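Step one of this worksheet: look at the structure below.
The values are calculated or read from the model by the stated rules, or taken from the named source; none is laboratory data. All figures in this text were calculated on a predicted structure; none of them were measured in a lab. Note that we place each Cβ from the backbone using ideal geometry, even for glycine, and neighbour counts take in every protein chain shown. Accessible surface areas use protein heavy atoms only, side chains included; no ligands, DNA or RNA. Shrake-Rupley method; radii C 1.70, N 1.55, O 1.52, S 1.80 Å.
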Amino acid sequence: MNIKSLLLGSAAALAAVSGAHAADAIVAAEPEPLEYVRICDAYGAGYFYIPGTETCLKIGGKVRTEGEWYDAYNRDSRVGTLWHTRAELNVDTATDTEYGALKTETIVRWDWSEGNSTNTNLLWSYISLGGFTVGKTDSQYNQFVGYAGDVINDDVIYDGPYELNQLTYNYDSGTGFTGVISIEDTNSSADKSAYNGAWETSKGDHYAPNVVAGLGYKAGGWSFKVVGGYDSIVEEGAIKARIDADFGGFTAFLMGGWNTDGDKLNQYAGSNQDQSACTTSDGVVHGSQCGWGDWAVWGGVGVPFNDKLKWNLQLAYSDSKIFEATTNLKFNPVKNLLVEPEITYVHYDLPSDDTVAGILRFERSF
């Protein structure tokens, strides 16, 4: 073997080894591009895009704790002081479509009161698109007119039903005229009544829904709305009309309701009161006197002193001679924190009794 052959052989061996090492070389993978959360401001503050989708998501809720002294809804209550704590989780979604925004809203609530285990409630859960709403939320008999006053005990004199399933269409002309029509859930599980038979609350093998319809108009600081509800079980109903006014330094409202049969209670002219409100001293229950009778009226004012403090007053009276007065202060020491003391006075004419109840609420929303 000469020197030339040795050099050629060595070169071939080195080339083979280099090729083997090249085949085994580790190549670093390209990093995956990061997708940062994008703000979705088309539907208001707090929404962001779910990564990889065009659906906007908003998560919020509240934590509330309050002390309650006596009960504005039960003149016979002897509970005294009751401490109550609540947590709520809100999950909202919105997606743009050719028919407008496809939205959902879900509110789950957990409650704890002294001596009681936690109660979980699916408060609201509904879908909306193009003015239509289907699912569980408060009755349009309340939502459309705006409930009652800006106080906690606003329905001591019943203003309508709250959580129930419904199929609703809301119309907004954009010129101040609004309207609503809603088919609402009734109870067809079994025959049942309350207030000594004055209110037929459910009926077995019942197929007809309840119906709500309303019209409204708003111009400047004034608005007027009227809404009616028909209870298909009782086969009676009620109508409410409300006027709101914004005077700049304060707001005010006046609302009246009429029951189609004052001797009966129904879903739209019912009662939140304990039966003691319509029980005489000799133990006789006059069930219709726990409700409106033929009519009821509510009124109130709200006075914002500054951006942190507001005073509210609500007064209500019914044909059954129940009178209610509630006042509170809403104090926001910092953003999203509410401190709210409230006091309610109720006079019951039939049992000739008065009740005074109070609440001190602390609430943090997010």
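Taking F250, F48, F305 as the candidate residues, the one with maximal mean-square fluctuation in a Gaussian network model of the chain, Cα springs under 10 Å, is F305. Note on R78 and W222: with the Förster distance fixed at 56 Å, the Cβ-Cβ geometry gives a FRET efficiency of about 0.80.
Extension gain for W311 to F132 (0.36 nm times residue separation, less C-alpha to C-alpha distance): 60.9 nm. The aspartates and glutamates within cross-link reach of K192, meaning a Cα-to-Cα straight distance under 13 Å and a gap of 8 or more places when in the same chain, are E200, D205. Between V303 and V108, the modelled label-to-label distance comes to 4.4 nm, taking each label 7 Å out from Cα in the direction of the beta carbon. The gain in end-to-end length when the L89 to Y171 segment is fully stretched comes to 26.7 nm, 0.36 nm per residue minus the alpha carbon separation. A 1.4 Å probe run over the chain, with the rest of the protein chains in place, finds 54 Å² accessible per residue. For the chain, modelled as a GNM whose springs connect Cα atoms under 10 angstrom apart, the maximal fluctuation among S320, S173, S182 occurs at S173.
Excluding same-chain neighbours fewer than eight residues apart, the lysines reachable from K218 by a Cα-Cα span under 23 Å are K240. Straight-line cross-link reach from K330 at under 17 Å between alpha-carbon atoms covers these lysines, not counting any fewer than eight positions away in the same chain: K62, K308, K310. Springs between Cα atoms under 10 Å define the GNM used for the chain, and in it the highest mean-square fluctuation of G131, G228, G302 occurs at G131. Semi-axis lengths, largest first, of the ellipsoid equivalent to segment 205-314 are 32, 21, 11 Å, with √(5λ) applied to each eigenvalue of the Cα gyration tensor. Taking each residue as 0.36 nm, the span from F331 to Y36 lengthens on full extension beyond its C-alpha to C-alpha distance by 102.5 nm.
Once the Cα atoms are used to define both axes, helix 3-23 deviates from the longest principal axis of the chain by about 10 degrees. Annotation: average projected area of segment 84-216 is 11.1 square nanometres, based on the convex hull of Cα atoms across all directions.
The Rg/Rh ratio of segment 78-161, with both radii computed over alpha carbons and Rh defined as the Kirkwood radius, is 1.07. Ranking Y141, V37, V301 by how far each Cα lies toward the positive end of the dipole of the chain (charges on Cβ) leaves V37 at the top.
Taking every alpha-carbon pair within the chain, the share separated by more than 38 Å comes to 30 percent. Enter the per residue convex hull volume of segment 293-366, computed from alpha-carbon coordinates, in Å³ rounded to the nearest integer. Measuring per residue, one finds 96 Å³ for the Cα hull of segment 293-366.
Given a Förster radius of 41 Å and the C-beta distance between K192 and V63 as r, what FRET efficiency does 1/(1 + (r/R0)^6) yield to the nearest 0.05? Efficiency, from the Cβ-Cβ distance: 0.70. The accessible surface of the chain, taken with every protein chain in place and a 1.4 Å probe, is 60 percent carbon and sulfur. The loop-placed trypsin sites (Lys or Arg not before Pro) in segment 90-189, going by DSSP, include none that has at most 13 neighbouring Cβ atoms within 10 Å of its Cβ.
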